[in-house]
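Remarks on the structure that follows.
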Amino acid sequence: MSLIPALKKRYAVKKYNPAAKISSAQLDILLEALRLAPTSFNLQPFHLLQVTEPAVREHIRTEAAFNQPQVTEASLFFVLAAETDVDEQTIAHSIDLAAEVRGVARSTLEGRESQIKGFIMSLAPEQRLIWAQRQAYIALGVLVSAAAEAGIDVSPMEGFVPNKVDAILGLQTKRLRSTVLVAVGVHSNDDEHAHLPKVRKSIEQIHQTI
Ligand SMILES: Cc1cc2nc3c(=O)[nH]c(=O)nc-3n(C[C@H](O)[C@H](O)[C@H](O)COP(=O)(O)O)c2cc1C
């Protein structure tokens, strides 16, 4: 389906069919969309953590996510986590990759490297995390759009306590911060949200010429 009709059709699923599974080909679409999402300075400062252990999903649902059923009932469940310590090494690795992929001498990218370091390292650590989380949200948007186009149901969820999810998954030691939860699966036929008219502001309310 092309994008606009797909965005009209998609919705944030509240009730999944626990028996319906997402194929590895469908998962690949979502991962590739996330990977291809644009980010500031192309740093991609996030990880999509797939939580596979049912007991851990249950723990997150009941202890950290306000008992939202999507956490345990969807075929797949992820935590999109932002890097807490984007640093000079992160930036250097990104420049290494760019030099390699584009087949240019690393020295030609050093001006850009200092520009990126100048911006990122001038941010206080909390601001740097906020910046990384913004990049994660861009990727989330691309993932949600790709899912819609491919007819895959997803539920982005901010209704959780990050400190608790971080503790359950040991994210602090991995220098990650849980940012948004993402359930992926097939909606249940009796999800009453499936047929609700889409509520959105009009284009005139959002778009102004100034
Ligand atoms: C970042 C983000 C966080 C959200 N968190 C939750 C959540 O925790 N629980 C929930 O039921 N829905 C959540 N939603 C779903 C939104 O409420 C939903 O996308 C919005 O009301 C528009 O409805 P639609 O997506 O069905 O068109 C979230 C959506 C986004 C994009």
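The values are calculated or read from the model by the stated rules, or taken from the named source; none is laboratory data. Bear in mind the structure is a predicted one, so any value in this text is a computation, not a measurement. Glycine gets a Cβ as well: all are built from the backbone with ideal geometry, and neighbour counts include every protein chain shown.
Summary table
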{"item": "Options Leu140, Leu80: the member that is within 16 Å of the ligand (Cβ to nearest atom), under 30 Å from Ala64 (Cα atoms) and out of contact with any helix residue (DSSP H, G or I) (no Cβ under 7 Å at 6 or more places or on another chain)", "result": "Leu140"}
{"item": "Enumeration of residues in the stretch 1-29 that are in contact (Cβ under 8 Å) with a residue 12 or more places away in the chain, of a type in the set (S, T, N, Q) and part of a helix (DSSP H, G or I)", "result": "Gln26"}
{"item": "Residue within the stretch 86-94 that is within 15 Å of the chain's Cα centre (by Cα), surrounded by 12 or more Cβ atoms within 10 Å (Cβ to Cβ) and on the phi < 0 side of the Ramachandran plot present", "result": "no"}
{"item": "Residue count, the stretch 50-89 (criterion: over 20 Å from Asn17 (Cβ atoms), in contact with a strand residue (DSSP E or B) (Cβ under 7 Å, 6 or more places away or on another chain) and in a helix (DSSP H, G or I))", "result": "0"}
{"item": "Residue pairs meeting the criteria (Cβ under 6 Å; at least 6 apart or on separate chains; first over 21 Å from Arg61 (Cβ atoms), in the stretch 141-163; second within 8 Å of the ligand (Cβ to nearest atom) and of a type outside the set (A, V, I, L, M))", "result": "Ala148/Arg10"}
{"item": "Cβ-Cβ under 6 Å pairs, at least 6 apart or on other chains, the stretch 30-51 side modelled with pLDDT of 95 or more and buried (at least 17 other Cβ atoms within 10 Å of the Cβ), far side part of a strand (DSSP E or B) and of a type in the set (D, E, K, R)", "result": "Pro45/Glu83"}
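Condition check ((1) within 11 Å of the ligand (Cβ to nearest atom); (2) touching a helix residue (DSSP H, G or I) at 6+ places or on another chain (Cβ under 9 Å); (3) not aliphatic (A, V, I, L, M)) across all residues:
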| site | (1), (2), (3) |
| --- | --- |
| Gln135 | no, yes, yes |
| Pro156 | yes, yes, yes |
| Phe160 | yes, yes, yes |
| Ala167 | no, yes, no |
| Leu176 | no, yes, no |
| Arg200 | yes, yes, yes |
| Gln208 | no, no, yes |
